[in-house]
Structure formats: structure tokens, C-alpha cells
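The values are calculated or read from the model by the stated rules, or taken from the named source; none is laboratory data. Keep in mind it's a predicted model, so treat the numbers as computed, not measured. All Cβ positions, glycine included, derive from the backbone under ideal geometry; neighbour counts span all protein chains shown.
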Amino acid sequence: MTVELGWIDVRPAPAGPPAIGTLGPEGTSSEQAARLLRTRLPDGPSIVLRTTYEQAVEDLKAGTVSHVVVANAYRDIHHFYMADDIALADVFVMDTPLYGIARRADGGPLSDRPSVVTHPSPRPLVAQLLPAAYPLPEVATADSTSQAAQAVAERRYDLALTTEPAATRHGLRFISRLRPIRMVWSVFIRT
């Protein structure tokens, strides 16, 4: 369940037709945050999902999107704060969709040492959520938790730390408890 906790508006909205860029593909926490931002903007802007936040920011600089939503947990967000051609416009707090460790629904027994993939930002949750029956493995990384779910669906990994929407989209089932992440989100616009 997504919970909106509050907004801080620090800049006026840019002129022109709105569109929101963020990290995709479908099923990411960032997509859910962009959907929440869409409810606050006029004319129900479209959402453009990109492979990386950097690609979304390039779209912003090119004028193909008017806003970019970035999770403050993203390890390279500081580059966006320091850029002189984009600016922080809004900040909000939103719980992510539920996260958990998921596997293919049609899979057989897991090995004693299953492979795990996730986005780097929520990686600490692997240790919290991985069932005790499995030793903590090395964790491979993907550009998003939705891509991690896709990698498990494609049988490249055994398990993914992913979101409930991504697991559903890719036909995975959870083997762990689920939990949200209370997250600060930053919204950037062109200067």
C-alpha cells in the first residue's frame, strides 16, 4: 500500500506540457512515485519510464519531459543536486510498494545457495528478508528491482529482491515477508 505523507514545494512548475520521467520499467517504486506526482500536476501528464535515472535526466535536459522523480536512496543522486542546468522542484515522502524476496512461481526446488539479484539501493534488505534456510549469497545487481524480477522470470537468477508490482508483472511469488521502504523522493525540473 502506498502512503502519501507530505510534500514540500520549493519551486514553481515549469511552463509547457508536463510529462514525468523516472526509472522503469513498469513495476518500480519510482513508477509509483511518478504516479503520485501525476496526481498533483494539471492535465494528467504522461509517465516516461527509462532504464536509468540518468536517461530520465537527459530527457529533462532535452525538454521531452518536464519533471524527473528520483529516489533519494539512489547512490548517485548527488550529481543531480549539483547540476547547474536542472533544479530541485519538489520533495515528498512516500512509502514504496511492498518489497520481498521472490522466485519463479513455476520453479522447482531452490538450490542450497540460490543466486539473488536486485537494484543496488535496497540491497541491505536481502539480509533482512532472505529466509534463514538460505545463506546470504553474493548479490548481483540490476538497473531496477523490476529488471531484477524480469531476470528471475527469464531464469538468469533464482531469486530477486523486488516490489510487489514487479513480482506480479513477471509471474513471481514471494518466499519472504514483505515490507515497504519509507522514502524521500526528489523532483527535478530544468532551470
Tally, over segment 108-124, of residues that are part of a loop (DSSP other than H, G, I, E, B) and under 17 Å from THR28 (Cα atoms): 5
Residues located in segment 125-149, provided they are in a helix (DSSP H, G or I) and either loosely packed, with under 12 Cβ neighbours inside 10 Å or among the β-branched types (Val, Ile, Thr) (or both): VAL126, ALA127, THR145
Near pairs, Cβ below 9 angstrom, 6+ apart or cross-chain, from segment 20-39 (without any contact (Cβ under 8 Å) to a residue 12 or more places away in the chain) to any residue that is in a strand (DSSP E or B) and not β-branched (Val, Ile, Thr): THR39/GLU4
Answer residue from segment 26-44, given it is buried (at least 18 other Cβ atoms within 10 Å of the Cβ) and in a loop (DSSP other than H, G, I, E, B) and is modelled with the highest pLDDT among those: THR28
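Rundown of residues vs (1) polar (S, T, N, Q); (2) more than 27 Å from GLU58 (Cβ to Cβ); (3) without any contact (Cβ under 8 Å) to a residue 24 or more places away in the chain; (4) touching a Phe, Trp or Tyr at 6+ places or on another chain (Cβ under 7 Å), yes/no style:
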residue	(1), (2), (3), (4)
THR118	yes, no, no, no
LEU125	no, yes, no, yes
PHE174	no, yes, no, no
ARG182	no, yes, no, no
Top-ranked residue of segment 45-58 - restricted to ones that are touching a residue at least 40 places away in the same chain (Cβ under 8 Å) and either basic (Lys, Arg) or surrounded by fewer than 17 Cβ atoms within 10 Å (Cβ to Cβ) (or both), ranked as nearest to PHE80 (Cα to Cα): THR52
Members of segment 77-127 that are of a type in the set (Phe, Trp, Tyr) and within 18 Å of the chain's Cα centre (by Cα): PHE80, PHE92, TYR99
